[in-house]
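These notes are about the structure you will find just below.
The values are calculated or read from the model by the stated rules, or taken from the named source; none is laboratory data. Because the structure is predicted, anything quoted here is derived from the model rather than measured. For neighbour counting, all protein chains shown are included, and Cβ atoms are generated from backbone atoms with ideal geometry for every residue, glycine included. Ligands, DNA and RNA are excluded from the accessible area calculation, which covers all protein heavy atoms including side chains. Shrake-Rupley method; radii C 1.70, N 1.55, O 1.52, S 1.80 Å.
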Amino acid sequence: MKKYIAFDTETHLIQAGLLAPNLVCGSTARRHQGSQRIGSARLTRKWFGLAIRNPEVHIIGANIAYDLGVMCADDPTLIEPVFEAAEAGRLHDVSIRESLLEIARGTLGVDAKTGRKLDDDEGAKYSLAMLVERYLGMDISSSKAGPDSYRLRYATLEKIPIARWPEAARIYPKNDARFTMDVFQAQEKAAQDTYNDGNLHDEPRSVYNAWVLHLISLWGLRTSEELVAALDAKVSEKHRLAEIRFKEAGIVRADGTEDRTKIKALVTAAYNGAPPTTNKGGVATDRDTKIESGDPLLIEHAVSGKNNRYRTTYLPQLWKGTKVPINPAFYGMAATTRVTSNYQQLPQKGGVRECHVCRPGFVYCSVDYGGLELRTMSQRAIWEPRVGYSKMADALLKGLDVHTVAAAEFLGVSYESLLARVKAKEDLADSFRKLAKIFNFGKGGGMGDNTLAFHARAKDGVRFCQLAKRIESCGAEGMLDIKIRGQDKQVCRVCGEVSQELGNRWLDAWTEQKELKALAQNAPDVVTIPVVNIMRTQVGYTQWLNTPFQGLGAVLTTQAMRKISREMYTDRNSPLWGSRLVLNVHDELIGELREDVMNGAAERMAFLMRQAGKECLPDLAPAIEAEPVLMRVMSKDAEVVRDAAGKLIPWEPKAVA
């Protein structure tokens with residue numbers, strides 16, 4: 001008979017590099033009122049050790065991954081039983097349950113009562129206080145942050161018997177366990193009146209994911225003091241020189257603030273008196289406008305923002321990593337169930353990644369799924385009952401270069417003839433293949449023509465008009481006012497025209513996408529993420545198109561993540577034993593592998609990723625690509641390197657002359 005028990009821990013404070021501080025006490029609650037209990041660290045260890053190994057006990061938490069980490073840090077022999085409980089579906093989390101319910105309601109990240117977009121700290125990772133207010137109608141914020149709250153002071157009570165604690169200190173843990181259980185039961189009732197039973201069938205998988213992601217956070221990443229210092233010096237000098245030039249030119253005042261009037265005057269002059277304008281009629285001074293102006297000062301000012309981000313955002317983190325591990329934070333799931341984190345957007349160039357170095361005795365291993373979204377997009381089309389096929393899948397299974405296939409459609413030539421021109425590095429062929437790659441990865445989610453052109457220019461520096469050989473100067477024939485996520489933006493008129501024209505030809509190349517887009521125009525406002533049967537409601541056109549294949553990619557990658565982590569922590573016969581995952585970056589997993597078994601561990605990691613891909617994308621199984629790359633310093637430039645015997649060895653960066 002299943003026994004459901006809510007569980008919570010109180011600990012020392014979290015510190016930089018330490019996400020599993022010392023245990024002070026624990027609390028539990030069962031379904032019936034008055035069952036809440038508090039226990040010392042010693043009693044909590046004993047209770048949890050028995051409960052986690054009992055196949056009848058289901059443990060419920062609010063951010064339960066934290067409590068699991070605390071217990072496993074306190075007693076590492078609990079790690080294997082925790083994995084077993086996760087695989088058996090015996091771990092529950094009211095925050096994760098709420099995310100799944102909100103996806104079913106179509107309100108993830110939005111307060112269901114007011115429509116207010118939740119703050120980042122509330123986000124999709126719903127706090128217990130928020131859930132207590134939502135389901136129980138109680139405001140417990142004062143117990144969390146009030147002047148008499150003990151929430152952050154339990155370390156001061158560690159040596160004192162619980163019987164001698166102040167009453168407030170004894171009540172708080174018991175209330176947290178009680179509230180967790182009451183919210184859990186309220187969610188059970190709410191799910192009965194929610195589409196697809198609130199998606200709660202997926203809770204075990206999602207909680208397992210959260211546990212593995214927390215292990216990634218606990219292990220963290222280290223950085224090299226020498227490399228961070230070199231980057232800091234480079235960035236600081238660049239900032240100092242730029243500030244001098246900007247002040248001398250008058251676009252930055254003595255106090256460091258920008259002179260917007262002066263900048264607008266320079267933009268107007270650079271565009272011969274006819275500058276791009278905002279939707280309100282003012283002179284545009286956005287990054288793209290300055291870059292396209294041709295004025296060296298404006299261009300330098302536009303690109304200086306990247307250097308400033310290095311200085312204010314990345315370097316403080318990198319310096320921390322020289323002393324203690326950098327612990328990536330994983331937020332609640334997105335509406336597509338994709339993993340969200342504060343460490344997924346590291347610049348690919350510029351030296352930030354290269355400051356991360358593996359620990360002694362370890363090497364980094366990166367395994368990235370090749371063209372995963374192309375494959376999930378194809379599988380989605382095959383599984384859509386009203387489509388049932390995918391020309392892109394056919395091309396991938398034949399080993400064709402799908403970017404050249406689409407480019408051949410753009411140019412009206414055969415695939416074979418264009419492939420020869422691409423291999424010969426012909427300029428026109430290469431340009432249209434680059435265009436096709438952008439469309440292959442960007443168009444399947446329903447992105448509009450002008451929006452696709454804008455993002456290609458803003459994010460990748462790609463100008464459709466120039467790649468398509470239409471005009472020499474982007475924007476020379478006028479700009480279009482557009483909206484991007486509610487913000488006023490501008491895009492080159494010719495880029496928009498090229499995007500529309502090639503977008504239509506892209507649909508001719510992949511006719512299944514044309515059929516999906518037609519279905520999306522009149523589709524119901526609900527869509528399903530395949531394999532896990534998570535249903536998302538209140539979706540619009542683009543969400544109906546992109547949720548299934550983005551979600552499928554997330555399902556696949558997290559499935560691989562669980563397989564790999566399980567062997568790293570619990571399987572002493574696996575070459576992965578003793579290694580650790582350090583990052584989950586959408587389609588890529590990065591681990592620190594034991595150097596003494598790096599070849600076998602890397603091959604095993606890649607094998608498990610391919611296995612997960614084949615399980616989730618059965619019709620694309622032969623086309624799943626995931627190759628391991630070893631390196632000592634993290635870099636997107638790293639390549640597969642093997643010795644004479646064919647064994648993987650670490651890639652080394654080229655020495656700077």
Which value, in debye to the nearest 20, gives the size of the charge dipole of the stretch 529-657 about its Cα centre, when Lys and Arg are +1 and Asp and Glu are -1 at the Cβ?
320 debye
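What full-extension length gain, to one decimal in nm, is calculated for residue 423 and residue 77 as 0.36 nm per residue of separation minus the Cα-Cα distance?
On the way: separation 346, 0.36 × 346 = 124.56 nm, distance 5.55 nm.
Once the chain is fully extended between residue 423 and residue 77, it gains 119.0 nm.
For residue 139 and residue 508, compute 0.36 nm times the residue count separating them, minus their Cα-Cα distance, and round to one decimal in nm. It would help to have the intermediate numbers written out before the result.
Working: separation 369, 0.36 × 369 = 132.84 nm, distance 5.65 nm.
Working it through step by step, the gained length comes to 127.2 nm.
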Going from most exposed to least, what order do 71, 138, 333 have by accessible area with a 1.4 Å probe?
138, 333, 71
Sorted by mean Cβ packing within 10 Å, highest first, what order do the peptides 199-210, 463-474 take?
199-210, 463-474
If we count every other residue with Cβ under 13 angstrom of residue 512's Cβ, Lys/Arg +1 and Asp/Glu -1, where does the sum land?
+1
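What's the ranking of 550-563, 250-263 by average number of surrounding C-beta atoms within 10 Å, highest first? Don't jump to the answer; show the numbers that get you there.
Numbers: 550-563: 24.3, 250-263: 13.0.
Listed from highest to lowest mean packing, they are 550-563, 250-263.
Rounded to the nearest 0.05, what FRET efficiency do residue 110 and residue 570 give with R0 = 35 Å and r taken as the Cβ-Cβ distance? Could you check? Don't skip to the answer; put the middle values down first.
Details: r = 39 Å, r/R0 = 1.11.
With a Förster radius of 35 Å, E is 0.35.
What is the stretch 44-190 by shape, rounded, prolate or oblate, if you read a ≥ b ≥ c off the alpha carbon gyration tensor as root eigenvalues and call it rounded for a/c under 1.5, prolate for a/b larger than b/c, and oblate otherwise? Please report the intermediate quantities before stating the final value.
Numbers: a/c = 2.09, a/b = 1.18, b/c = 1.77.
Oblate, because a/c is 1.5 or more while a/b does not exceed b/c.
Using only the Cα atoms, what convex hull volume per residue in Å³ does the stretch 405-464 have? Don't jump to the answer; show the numbers that get you there.
On the way: hull volume 4.9 nm³, N = 60.
That works out to 81 Å³ per residue.
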With labels modelled as points extended 7 Å from the Cα through the Cβ direction, what inter-label distance (nm, one decimal) is found for residue 472 paired with residue 345?
3.7 nm
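Once you charge only the Cβ atoms, +1 for Lys and Arg and -1 for Asp and Glu, what is the size of the charge dipole of the stretch 1-100 about its Cα centre, to the nearest 20 debye?
Numbers: 11 positive and 11 negative charges, 98 e Å.
Its charge dipole is roughly 460 debye.
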Ignoring ligands and nucleic acids, what accessible area does residue 277 show with a 1.4 Å probe (Å², nearest 10)?
50 Å²
Just how far, in whole angstrom, is the stretch 336-406 from the stretch 518-597 if you go by their alpha carbon centroids?
11 Å
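Kindly rank 532-544, 598-610 from highest to lowest mean number of other beta carbons found within 10 Å of each residue. Display every interim value, and only then the final one.
On the way: 532-544: 18.6, 598-610: 22.3.
Averaged packing, sorted descending, gives the order 598-610, 532-544.
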Per DSSP, the loop-located chymotrypsin sites (Phe, Trp or Tyr not before Pro) within the stretch 6-53 having at most 16 other beta carbons within 10 Å are none
Straight-line reach only, C-alpha to C-alpha below 24 angstrom: list the lysines that residue 46 could link to, leaving out same-chain residues fewer than 8 apart.
2, 3, 159, 174
Calculated from DSSP H runs of 4 or more alone, at -39500 (n - 2.57) each and per residue, what is the 222 nm mean residue ellipticity of the chain, nearest 500?
-14500 deg cm²/dmol
Cα-based shape type of the stretch 281-360, given that a ≥ b ≥ c are square roots of the gyration tensor eigenvalues and the cut on a/c is 1.5:
oblate
Find how many whole Å separate the alpha carbon centroid of the stretch 142-202 from the alpha carbon centroid of the stretch 303-317.
39 Å
From the backbone phi of the stretch 228-243, what are the Karplus-calculated ³J(HN,Hα) couplings (6.51 cos²θ - 1.76 cosθ + 1.60, θ = phi - 60°) in whole Hz, Gly and Pro given as x?
5, 4, 5, 5, 4, 4, 5, 5, 5, 5, 4, 5, 4, 5, 5, 5
Under the rule rounded for a/c under 1.5, else prolate if a/b exceeds b/c, else oblate, using alpha carbon gyration tensor axes a ≥ b ≥ c, the stretch 507-627 is classed as prolate
Identify all aspartates and glutamates with a Cα-Cα distance to residue 425 below 19 Å; exclude those on the same chain that are fewer than 8 residues away in sequence.
401, 409, 416
Quote to one decimal, in nm, the extra length available between residue 647 and residue 603 on full extension: 0.36 nm per residue of separation minus the C-alpha distance between them.
14.9 nm
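Here are some pairs, 323/349; 443/514; 459/514; 234/320; which of them have Cα atoms lying more than 22 Å apart in this structure? Let's see the in-between values first.
Working: 323/349 24 Å; 443/514 11 Å; 459/514 26 Å; 234/320 18 Å.
Correct reply: 323/349; 459/514.
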Suppose R0 equals 22 Å; then what is the FRET efficiency for residue 16 and residue 359 from their Cβ-Cβ distance, rounded to the nearest 0.05?
0.80
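Would you list 337, 312, 268 from the most to the least accessible area, probe 1.4 Å?
On the way: 337 15, 312 85, 268 40 Å².
Order by accessible area, largest first: 312, 268, 337.
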